[in-house]
Each structure stands twice: as structure tokens, then as C-alpha cells.
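The next block holds one structure in the form of C-alpha cells; read it before the comments.
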Amino acid sequence: MPDRDLLADWTALLRRCGASADPEPYGRELLRRWAEPQRRYHTTGHLRAVLDHVDALAAHAAEPDTVRLAAWFHDAVYRPDRSENEERSAALAARALTEAGLSPERVAEVVRLVRLTVTHRPEPGDRDGEVLCDADLAVLGGAPEAYAGYAAAVREEYAFVPEPDFRAGRAAVLRQLLALPELYRTPAAHERFDARARANLATELATLEG
């Protein structure tokens, strides 16, 4: 699939969602954030991938464009040395989308969805939450070489953390993911990614604990 024109996608999306302001400056600011130098995995490549997966799962969503907006903002604020990235991303979404003229109801839903990426645990029946979380976690179900690239990029983002501490923290994250009764909530993502994701996670965990 060719690279999508992210700025054009953003502009069209915001216009569909009822923006009263010019979408382009907001899109350029978001793309600037996604290209910050501290990022190795949480880059515009990740944004593109999540948007592609949202498109693939859009039939499951109640409001696909709201999910797309949440995808744009879900890692818009990202500092690997801080723990409040999702909350700051949600606050950015609230400010920017309100200023752009979107309805309070849509803004509130985008904020809720962004906050959901802290746990990736949507409630049963939360179709938009299921699509966003599945799209964000799709990387876990990639081919082994793609997963290895993802894991290496995550390590680069945390290069400031000593190796023993990183191994312990990363292993805890992997065990938490493996303990979820369902990694993916949409039928399509579950069928496509679940088995391979669990194999990838187990392989990385064995390497970390070995």
C-alpha cells in the first residue's frame, strides 16, 4: 500500500467532521509532533499504520471518523521519560478540536478514546474503542521480523533506561498483555492478529527473561 498523504487525509477528515477553521495548520502541527526526534517507534509511520488499520476495521465502528481523529491524537504528545502522555494527548485533542469548531460531543468522544489507549481495555459493546485499541495493537501481530523491528525501536526510545531496568519493565508489560483474555476485540483483528501476537509476545518475553 503506498504511503498515504497524511496532511490531505487530515484536512478531509476535519472537514467531514464539521470544522469551522482551516484544518491545515492543525494538521501541520500534529505532523510536527509525530516527527519529533525522541521518537523511534511512535512516529508518523506508526500513525499511518494505525490509520490504515482503522480503515480496515471501519465497518465495526459506530463513528469511524471519530476513531480516526482519536488515532491522530493518541500519541500526539510522546515523551518516553514521562507517564502522562495519553492524558496530555487527550488535553491537546480537547483544545485543538474545540478551537477548530468541532461539536462538544465529538470532542468529548475523541478525548475518551485517546484516554482508552492507557489500558487498551474497552468495555464490551464499545465498538469505537475496540477499533482504536485493535488498530493500535496490530503491530503485535506482525510477522516475526516486523515485530523484532518494533521491539528494537521501543528499546531505542528507552535508551536512557539501564538494561536491567528496561528488561524488568518491558517484561511486566508483556506479561500484562499476555494475561488479557482477549488482545483484540473486533472479530477481524482477532482472527488476523491474535495467535501471531501471542507468539511474538511470548518469544520476546523469553528473550528478556533468559
Exercise. Which of the following residues is touching a Cys at 6+ places or on another chain (Cβ under 7 Å), of a type outside the set (D, E, K, R) and surrounded by 18 or more Cβ atoms within 10 Å (Cβ to Cβ): Leu47, Leu69, Leu57?
Worked result: Leu69
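Could we say that Val118 is in contact (Cβ under 8 Å) with a residue 12 or more places away in the chain, in contact with an Asp or Glu (Cβ under 9 Å, 6 or more places away or on another chain), β-branched (Val, Ile, Thr) and open to solvent by 80 Å² or more (accessible area, probe 1.4 Å) here?
On the way: in contact (Cβ under 8 Å) with a residue 12 or more places away in the chain: yes; in contact with an Asp or Glu (Cβ under 9 Å, 6 or more places away or on another chain): yes; β-branched (Val, Ile, Thr): yes; open to solvent by 80 Å² or more (accessible area, probe 1.4 Å): yes.
Judged against the criteria, Val118 is a match.
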Seminar exercise, completed: Of the conditions (1) modelled with pLDDT under 95; (2) over 21 Å from Tyr78 (Cβ atoms), the single one that Arg4 does not satisfy is (2)
For this session: Only residues that are touching a residue at least 24 places away in the same chain (Cβ under 8 Å) and of a type in the set (Lys, Arg): list them for the stretch 1-32, please.
Result: Arg4, Arg16
Problem set entry | Which listed residue, of Thr66, Thr98, is β-branched (Val, Ile, Thr) and over 18 Å from Val131 (Cα atoms) | Thr98
Exercise. Looking at this structure, is Ala93 open to solvent by less than 20 Å² (accessible area, probe 1.4 Å) and closer than 22 Å to Ala151 by Cα?
Worked result: no
Seminar exercise, completed: Looking across the stretch 10-32 at residues that are surrounded by 17 or more Cβ atoms within 10 Å (Cβ to Cβ) and of a type outside the set (Phe, Trp, Tyr), the single one that is nearest to Asp136 (Cα to Cα) is Leu30
For this session: With respect to Arg40, determine if the residue is open to solvent by 50 Å² or more (accessible area, probe 1.4 Å), among the charged types (D, E, K, R), in a helix (DSSP H, G or I) and touching a residue at least 12 places away in the same chain (Cβ under 8 Å).
Result: no
Exercise. For the stretch 73-93, how many residues meet the condition of being farther than 16 Å from Arg40 by Cβ and either assigned to a helix (DSSP H, G or I) or of a type in the set (Phe, Trp, Tyr) (or both)?
Worked result: 9
Problem set entry | Given (1) open to solvent by 40 Å² or more (accessible area, probe 1.4 Å); (2) hydrophobic (A, V, I, L, M, F, W, C); (3) more than 20 Å from Pro122 (Cβ to Cβ), number of the condition Ala62 does not satisfy | (3)
For this session: Scan the stretch 109-149 for residues that are closer than 17 Å to Tyr184 by Cα and charged (D, E, K, R) and jot them down.
Result: Arg121, Glu123, Asp126, Arg127, Asp128, Glu130, Asp134, Asp136
Problem set entry | Residues of the stretch 94-123 satisfying the condition of being outside any helix (DSSP H, G or I) and farther than 19 Å from Leu177 by Cβ | Ala100, Gly101, Leu102, Ser103
For this session: Quickly run through the stretch 164-189 and pick out the residues that are without any contact (Cβ under 8 Å) to a residue 24 or more places away in the chain, open to solvent by 80 Å² or more (accessible area, probe 1.4 Å) and either within 30 Å of Pro37 (Cβ to Cβ) or outside any loop (DSSP other than H, G, I, E, B) (or both).
Result: Pro164, Asp165, Gln176
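The values are calculated or read from the model by the stated rules, or taken from the named source; none is laboratory data. The shown structure was predicted, so the numbers you read here are calculated from the model rather than taken from an experiment. Quick reminder, even Gly has a Cβ in these numbers, built from the backbone with ideal geometry, and neighbours come from all protein chains shown. What goes into the accessible areas is simple: the full protein's heavy atoms, side chains included, and nothing from ligands, DNA or RNA. Shrake-Rupley method; radii C 1.70, N 1.55, O 1.52, S 1.80 Å.
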